Amino acid sequence: MTDYPTARTVAARLMALADPTRVSIVHDIAVAGPSAVGKIADRVASTTTRVSPHLRVLKDAGILEDRREGKSRVYSFVPGIFTSSQRTDDLGTLHFGGWRISIGRTAGR
């Protein structure tokens, strides 16, 4: 049985992914790698004003982290939470305390 703190963390991360925009953002970062907010917004066909709250949810859930680069914030996966794949149909896997979620190449579309 999964211990309670781990179960709460997994549930929080799954809830953070329960939004189409956030799924698109995660897919985008899996494809493009660490990116500035403006670039992410452009690639998910949105604006920085709309994308920023979604990035905050993903960061608060422990999926993404950010760092300042000049005037921009660059978002990337928290170390150890995503591993890329060499398979042609799979971008990689998110790791949530014993749970694994595969990200397909077309997941964010």
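The values are calculated or read from the model by the stated rules, or taken from the named source; none is laboratory data. Being a predicted model, the structure only gives us computed values, none of them experimental. Cβ atoms come from the backbone with ideal geometry, glycine included; neighbour counts cover every protein chain shown.
If I filter the stretch 55-64 for residues that are under 21 Å from residue 102 (Cβ atoms), assigned to a helix (DSSP H, G or I) and aliphatic (A, V, I, L, M), do I get at least one hit? Checking the stretch 55-64: at least one residue is under 21 Å from residue 102 (Cβ atoms), assigned to a helix (DSSP H, G or I) and aliphatic (A, V, I, L, M). Within the stretch 1-56, restricting attention to residues that are more than 29 Å from residue 70 (Cβ to Cβ) and of a type in the set (Lys, Arg), which residue is modelled with the lowest pLDDT? Selected residue: 8. Give the stretch 63-88 a look and list any residue that's basic (Lys, Arg), loosely packed, with under 13 Cβ neighbours inside 10 Å and in contact with a strand residue (DSSP E or B) (Cβ under 6 Å, 6 or more places away or on another chain), or say none. Listed by number, the list holds a single entry, 67.
Taking residue 94 as the residue in question, decide whether it is within 21 Å of residue 6 (Cα to Cα), touching a strand residue (DSSP E or B) at 6+ places or on another chain (Cβ under 8 Å) and either among the hydroxyl-bearing types (Ser, Thr, Tyr) or modelled with pLDDT of 95 or more (or both). No; evaluated as a whole, the condition is false for this residue. Here residue 38 clears all of (1) without any contact (Cβ under 8 Å) to a residue 40 or more places away in the chain; (2) exposed (fewer than 15 other Cβ atoms within 10 Å of the Cβ); (3) closer than 21 Å to residue 93 by Cβ except the condition numbered (3).
In the stretch 58-101, which residues are touching a helix residue (DSSP H, G or I) at 6+ places or on another chain (Cβ under 7 Å) and either without any contact (Cβ under 8 Å) to a residue 12 or more places away in the chain or under 15 Å from residue 31 (Cα atoms) (or both)? Matches in the stretch 58-101: 64, 66, 75, 76, 77, 82, 91, 92.
Taking the criterion of being closer than 16 Å to residue 103 by Cβ and of a type in the set (Ser, Thr, Tyr), the only residue of the stretch 25-51 that qualifies is 35. Of everything in the stretch 41-59 that is surrounded by 16 or more Cβ atoms within 10 Å (Cβ to Cβ) and aliphatic (A, V, I, L, M), the residue that is nearest to residue 77 (Cα to Cα) is 58.
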